[in-house]
Amino acid sequence: MRGIALDLDNTIVPWHTSLVTPGADAWIRDVLARGIGVCLITNNYSGGAAAASAQFDIPVIKGALKPSPWSFRGALRTLGVDGANAAIVGDQLFTDVLGGKLVGMRAVLVKPLSRSEFPTTRIVRFFERPMLAALQKRGLLKP
């Protein structure tokens, strides 16, 4: 793995905040210390994305319109890797995981940090739950 595209809201910061959790902070610093490139990718346009980017001196793709493949291709270009050598880490199946898979990335789905979310995200979660259950039942979702 040479590059990681990293979602922002509810992956490394609780939604509607810019405070990176201590665990995420330590993990990102460890990844960077190992020489693995990291790029934030978010549908968010706020200053929180810029603040998180500046905290680690890493690039950010704001207003990504995930799962649009163009934004994930942009992350791959920014990281200087192809999809086979990159992963997306995010909290949503239909935005983060799907977008990454569309460009050949590995995907790591994490539990959301907070129950507070953008209103449309709550709607998407309603459809996400049965899909996650089906994937788990088939053994395609690993803990």
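The values are calculated or read from the model by the stated rules, or taken from the named source; none is laboratory data. If you're wondering where the values come from, they're calculated on a predicted model, not measured in any experiment. Glycine also receives a Cβ, built like all others from the backbone with ideal geometry; neighbour counts cover every protein chain displayed. These accessible areas exclude ligands, DNA and RNA; they are computed on the full protein's heavy atoms, side chains included. Shrake-Rupley method; radii C 1.70, N 1.55, O 1.52, S 1.80 Å.
Name every residue in segment 46-73 that is open to solvent by less than 30 Å² (accessible area, probe 1.4 Å), over 26 Å from ARG125 (Cα atoms) and at pLDDT 95 or above, in order of residue number.
Scanning segment 46-73 gives PHE56, ILE58.
Restricting to segment 77-99, count the residues that are more than 9 Å from the chain's Cα centre (by Cα) and in a helix (DSSP H, G or I).
Of the residues in segment 77-99, 10 are more than 9 Å from the chain's Cα centre (by Cα) and in a helix (DSSP H, G or I).
I'd like to know if segment 26-39 contains one or more residues that are within 24 Å of THR121 (Cβ to Cβ), β-branched (Val, Ile, Thr) and part of a loop (DSSP other than H, G, I, E, B).
Within segment 26-39, the subset within 24 Å of THR121 (Cβ to Cβ) is 27-28, 38-39.
If we keep only those that are β-branched (Val, Ile, Thr) as well, we get 28, 38.
Add one more test, that the residue is part of a loop (DSSP other than H, G, I, E, B), and what stays is none.
No, the conditions are met nowhere in segment 26-39.
Go through segment 117-140 and count every residue that is open to solvent by less than 80 Å² (accessible area, probe 1.4 Å) and under 20 Å from GLY83 (Cβ atoms).
0
Taking only segment 87-116 into account, find how many residues are surrounded by fewer than 20 Cβ atoms within 10 Å (Cβ to Cβ) and not hydrophobic (A, V, I, L, M, F, W, C).
Adding up the residues that qualify gives 8.
For the structure I just gave you, tell me whether ALA5 is more than 17 Å from SER114 (Cβ to Cβ) and touching a helix residue (DSSP H, G or I) at 6+ places or on another chain (Cβ under 8 Å). Can you show your working first?
Working: more than 17 Å from SER114 (Cβ to Cβ): yes; touching a helix residue (DSSP H, G or I) at 6+ places or on another chain (Cβ under 8 Å): yes.
So ALA5 fits the description; yes.
Could you look through segment 100-143, keep only residues that are of a type in the set (Lys, Arg), closer than 26 Å to GLY3 by Cα and assigned to a loop (DSSP other than H, G, I, E, B), and pick out the one that is modelled with the highest pLDDT? Show your work before the answer.
First, pick out the residues of segment 100-143 that are of a type in the set (Lys, Arg): 101, 106, 111, 115, 122, 125, 129, 137-138, 142.
Next, only the ones that are closer than 26 Å to GLY3 by Cα stay: 101, 106, 111, 142.
Now drop any that are not assigned to a loop (DSSP other than H, G, I, E, B), which leaves 111, 142.
On the way: LYS111: 91, LYS142: 75.
The selected residue is LYS111.
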